[in-house]
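Student: Dropping the structure in here first, questions after.
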Amino acid sequence: MKKMKAFIAAVMAAAMSLSMAACGSSSSSSTASTAASGSAASTAAASGEAQYAVVLKVLSSQFWQSMRDGIQAEADKLGVKVDIYAANTEDDVEGQVSLLENAISKGTYKAIGVAPISDVNLNNAIADATSKGIKIVDIDEKINMDALSKLGGACYAYVATDNKAVGKMGAENLIKQIGGSGEVAIVEGKAGAVSGENRRDGAKAAFEAAGLKIVESQPADWDRTKAYDVATNYITAHPDLKAIYCCNDTMAMGVQEAVEASGKDIKVCGTDGNDDAIQSVADGKLAATVAQDPASVGAKGLDLLTEAVQKDVKPEVGADVPVYSINAILITKDNASQYIKK
C-alpha cells in the first residue's frame, strides 16, 4: 500500500511539473529581424515586446503622420517592432518629457528615437537614458548638444532635413517670382524650435544676399490661425509687401488666406509639402512649398536605432554627433501635379 501511495505521489508530482513548464512557455512569435538577432536579441524581443521606441512631437499634422508611417513601414521591412509615442500638442513640453521618461523606465527598449519639441526639453531624460545604456537617435529637431553633454547625455546620430537649405530654397524661389526686388517678410515657427529657426535663417540669408528688405520676421507657433493674424498685421503695416516665406505649410495656408482677404498680389511660400499646400500650389494660390520627406527621415531614424543596437557602441559624452541629411524638393505650379496623391 505504501508503495502504491508513493507511486501515485510521484505521478502527481511529474504532472504538476509538466503543467508548470507549459504555463511558463510563450506562444508569442519574435518580431526581431535576423539583423537584430544575436547579442542584440533580448527577452523583450522574444516575448513580442519592442526593443525600439520613437517619441515624436505630435501626430496632429500630416508631416508627423507621414514620419510615423515611414517609421512603421521601415520596421515592417526590417522585421522589428517599434512603439511610437507623441505629445498632444506642439506646446505639450512636459507631456513629451513624461512619454520619454515612461519609455526609459519600461526597461525593454534598447534604443529610442526622439524628436524633441525644443532643443533642450528632453535633455534630462536623455541623460538618464544614456546612464542606463539606452541608445538615443535625434530626429528632426536638433538637440543642444552642449547642454546635453553637461548633463552626461549623448546621442548616437542626428537625422533631419537640412533646414537652412530648405529656407534658402523657398526664399530664392520667392525672389525669382517677384523679380528680384521688393519688401519681404518671414513667418517663423515656434520660438526656440531649432528646425524653424534654421529655416528662418536660411530664408533671411537668401533675401539679404539678393538685397531685399526684410520688413518683418515673427513667430506664429506653427499655427494656421496665428499665422493668419500675423500676416494680416504684416499686410496692413507694409502696403508694399511682395512676398512672405513661411516655416511650415500649416502657417502658409493661414497666410495665403490673409493675402486673399486683402486682395493683394503677395507671393507666399510654405514648407513641408503637405497635401493641401501642394494642391494650393497646383491651383495657383500658394507660390510654392518646399517638400520635406518626413517618411524617409523617420525610416532613416529607425535604421540608425537598429544600427546602434547591433554595433553596441556607447556614444561618448561631448563627442561630435554624425549628421544624416534628407534632401528636400521645391514644388511649384510647374511640377505640383506629379506630387498630388491620387
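Student: Sticking with the crude label model, points 7 Å out along Cα→Cβ, report the distance from K342 to A165 in nm, one decimal please.
Tutor: Roughly 3.0 nm, to one decimal.
Student: Shifting gears a bit: Among [x] 1.05; [y] 0.93; [z] 1.17, which is the computed Rg/Rh (Cα atoms, Kirkwood Rh)?
Tutor: Computed from these coordinates, Rg/Rh (Cα atoms, Kirkwood Rh) corresponds to label [z].
Student: Amide H to amide H, which residues 5 or more places from I244 or on other chains are under 5 Å from it, using H placed in the peptide plane?
Tutor: For I244, the qualifying residues are A185, K267, V268, C269.
Student: How much area per residue is accessible in the chain when the probe is 1.4 Å and only protein heavy atoms are counted (Å²)?
Tutor: Numbers: 15830 Å² over 342 residues.
Value returned for the chain: 46 Å² of accessible area per residue.
Student: Quick one: grab the alpha carbon gyration tensor of the stretch 193-342, order the square roots of its eigenvalues as a ≥ b ≥ c, and give me rounded if a/c is under 1.5, else prolate or oblate depending on whether a/b is larger than b/c. Display every interim value, and only then the final one.
Tutor: Values: a/c = 2.57, a/b = 1.74, b/c = 1.47.
Prolate, since a/c reaches 1.5 and a/b exceeds b/c.
Student: V323 to D91: extension gain in nm, 0.36 nm per residue of separation minus the Cα-Cα distance?
Tutor: Numbers: separation 232, 0.36 × 232 = 83.52 nm, distance 2.63 nm.
Net length gain for the segment: 80.9 nm.
Student: So, one more: Using mean Cβ contacts within 10 Å as the protection proxy, how do 70-80, 156-166 order, highest first?
Tutor: Working: 70-80: 18.5, 156-166: 21.9.
The most tightly packed comes first, giving 156-166, 70-80.
Student: Heads up, I need the accessible area for V82: 1.4 angstrom probe, whole protein in place, Å², nearest 10.
Tutor: 10 Å²
Student: In whole percent, how big is the carbon plus sulfur part of the accessible area of the chain, probe 1.4 Å, protein atoms only? Don't skip to the end; give the middle numbers.
Tutor: Values: 8090 of 15830 Å².
Its accessible area is 51 percent carbon and sulfur atoms.
Student: Ok, one more. Take A261, project a point 7 Å from its Cα along the Cβ direction, then tell me which residues of the stretch 201-244 have their backbone nitrogen under 16 Å from it.
Tutor: Hits in the stretch 201-244 for A261 at 16 Å: 220, 223-238.
Student: Which of E101, E260, E307 moves most in a GNM of the chain, Cα contacts under 10 Å?
Tutor: E260
Student: Considering every Cα-Cα pair within the stretch 233-322, what fraction, in whole percent, is farther apart than 16 Å?
Tutor: Values: 2523 of 4005 pairs.
Summing the P(r) tail past 16 Å for the stretch 233-322 gives 63 percent.
Student: Rounded if a/c is under 1.5, else prolate if a/b beats b/c, else oblate: with a ≥ b ≥ c from the C-alpha gyration tensor eigenvalues square-rooted, which is the stretch 175-274?
Tutor: Details: a/c = 1.60, a/b = 1.08, b/c = 1.49.
It is oblate, given that a/c is not under 1.5 and a/b is not larger than b/c.
Student: In nanometres, what is the gap between the two model label sites at Q177 and S98, each 7 Å from Cα along Cα-to-Cβ?
Tutor: About 4.2 nm, to one decimal.
Student: Run the numbers for S131 and E307: contour at 0.36 nm per residue of separation, minus the present Cα-Cα distance, in nm.
Tutor: Numbers: separation 176, 0.36 × 176 = 63.36 nm, distance 1.93 nm.
Gain in length upon complete extension: 61.4 nm.
Student: Follow-up. Which residue fluctuates the most in the chain, going by a Gaussian network model with Cα springs under 10 Å, if the choices are I84, I331, I186?
Tutor: So, out of I84, I331, I186, the one fluctuating most is I84.
Student: For the stretch 95-106, in order, what is each residue's ³J(HN,Hα) by Karplus, 6.51 cos²θ - 1.76 cosθ + 1.60 with θ = phi - 60°, in whole Hz (x at glycine and Pro)?
Tutor: For the stretch 95-106, the Karplus-derived couplings read x, 5, 4, 4, 4, 5, 4, 5, 5, 5, 5, 4 Hz, x marking Gly and Pro.
Student: Checking the a/c ratio against 1.5 first, then a/b against b/c, what shape does the Cα gyration tensor give for the stretch 66-133?
Tutor: Details: a/c = 2.22, a/b = 1.26, b/c = 1.76.
Cα axes put the stretch 66-133 in the oblate bin.
Student: Given H placed 1.01 Å from N in the peptide plane, which residues other than close sequence neighbours of A157 have an amide H under 5 Å from its amide H?
Tutor: The list, which skips near neighbours in sequence, is D138.
Student: Among the aspartates and glutamates, which fall within straight-line cross-link reach of K314, defined as a Cα-Cα distance under 19 Å, with same-chain neighbours fewer than 8 residues apart omitted?
Tutor: D128, D138, D146, D303
Student: Related question: Using the alpha-carbon atoms, what tilt in degrees (0 to 90, nearest 10) does helix 224-237 show relative to the longest principal axis of the chain?
Tutor: Taking Cα atoms only, the helix is inclined about 20 degrees.
Student: Moving to a separate point now. Can you give me the distance in nm between label points at D240 and E208, each placed 7 Å from the Cα along the Cα-to-Cβ direction?
Tutor: Label-label distance for D240 and E208, simple model: 2.1 nm.
Student: Considering amide H positions built from the backbone, and no H for Pro or chain starts, which residues 5 or more places from K135, or on another chain, come under 5 Å of its amide H?
Tutor: A111, I112
Student: Most mobile of Q96, Q177, Q292 per a Gaussian network model of the chain (Cα springs, under 10 Å)?
Tutor: Maximum among the listed residues: Q177.
Student: Now for a separate question. Given the DSSP H assignment, sum -39500 (n - 2.57) over each helix run of at least 4 residues in the chain and divide by its residue total; what's the result at 222 nm in deg cm²/dmol, nearest 500? Let's see the in-between values first.
Tutor: Values: 12 runs with 158 residues, N = 342.
Helix contribution divided over all residues of the chain: -14500 deg cm²/dmol.
Student: Where does helix 62-78 land angle-wise versus the long Cα axis of the chain, in degrees 0 to 90, nearest 10?
Tutor: That helix lies at roughly 40 degrees to the long axis.
The values are calculated or read from the model by the stated rules, or taken from the named source; none is laboratory data. Source: prediction; values computed, not measured. Here the Cβ is made from the backbone with ideal geometry for all residues, glycine too, and neighbour counts use every protein chain on show. We work out accessible area using only protein heavy atoms, side chains counted, and drop any ligands, DNA or RNA first. Shrake-Rupley method; radii C 1.70, N 1.55, O 1.52, S 1.80 Å.
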